[in-house]
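> Here you go, one structure.
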Amino acid sequence: MRATSMYFMTKIVKTYAMNRQAYYQLLGLPVPEDENPSEDGCLIEWLDGEKPNHPDFEGYISWSAKNVFERAYKQTSDLDFGFALRALKEGKKVARSGWNGKGMWLSLSCNPGGDAAAGTREIAFENFWSENNSEYARQNGGSAKVLPCITMKTATGEILMGWLASQTDMLASDWCLVE
């Protein structure tokens, strides 16, 4: 059989260390005879909206062998910039563990979903805080489209509009999700 396409998967999941036998016990099923019950692995809980398949979990659960899992997944504390951008587009907050300021994080100023154009918002002139932007919107039909941008919550508690990544930020692999 020939593959029609190849995919690179990015999902944020919870994991619970357990061997294959413990997973099957959780499901109330016997371990199939052709599978090793003591094989190390983990239960994976998918939190992306899939219908739960076990009453003890919020998301859909499955099991993965440890060696397969470790090749396919990265912890959310050592992400590269590409993963951080994908997380921002999914509505998550991200930060660098190497940042000196406490409590700093980034967020995307539009609706999540990965399509920046879909995050464009029509803002009424009276809702702009800049007089120049407000006047432009008022003169052009009463509103203006605002494009999404990355914002930063600074160490001193302000929101910085239009944060820009440095070369160091883009090449770093210490990005993490912020709860």
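> Between residues in region 71-82 that are farther than 11 Å from Leu177 by Cα and residues that are β-branched (Val, Ile, Thr) and modelled with pLDDT of 75 or more, which pairs lie under 9 Å by C-beta distance while being six or more apart or on different chains?
Short answer, once both residue conditions are applied: Tyr73/Val13; Tyr73/Thr15; Tyr73/Ile44.
> Inspect all residues belonging to region 100-121 and state whether any of them is surrounded by 16 or more Cβ atoms within 10 Å (Cβ to Cβ) and farther than 23 Å from Glu90 by Cα.
No, every residue in region 100-121 fails to be surrounded by 16 or more Cβ atoms within 10 Å (Cβ to Cβ) and farther than 23 Å from Glu90 by Cα.
> Another question, then. Any residue at all in region 60-79 that is touching an Asp or Glu at 6+ places or on another chain (Cβ under 8 Å) and either at positive phi or among the aromatic types (Phe, Trp, Tyr) (or both)?
Yes, because at least one residue in region 60-79 is touching an Asp or Glu at 6+ places or on another chain (Cβ under 8 Å) and either at positive phi or among the aromatic types (Phe, Trp, Tyr) (or both).
> Can you find even one residue in region 150-167 that is closer than 24 Å to Gln75 by Cα and free of Cβ contacts under 8 Å to residues at least 24 places away in the same chain?
yes
> Further, regarding this structure: Among the numbered criteria (1) under 12 Å from the mean Cα position of the chain (by Cα); (2) exposed (fewer than 15 other Cβ atoms within 10 Å of the Cβ), which single criterion is violated by Glu35?
(1)
> Still on this structure: Restricting region 121-179 to residues that are touching a helix residue (DSSP H, G or I) at 6+ places or on another chain (Cβ under 6 Å) and assigned to a loop (DSSP other than H, G, I, E, B), which is modelled with the highest pLDDT?
Gly142
> Looking at Ala84, is it at pLDDT 80 or above, closer than 26 Å to Cys42 by Cα and buried (at least 18 other Cβ atoms within 10 Å of the Cβ)?
Answer is yes for this residue.
> Can you tell me which residues in region 2-32 are surrounded by fewer than 16 Cβ atoms within 10 Å (Cβ to Cβ) and of a type in the set (Ser, Thr, Tyr)?
Thr4, Ser5, Tyr7, Thr10, Thr15, Tyr16
The values are calculated or read from the model by the stated rules, or taken from the named source; none is laboratory data. Every value quoted in this text rests on a predicted model; they were computed, and no experiment measured them. No Cβ is skipped: glycine too gets one built from the backbone with ideal geometry, and neighbour counts run over all protein chains shown.
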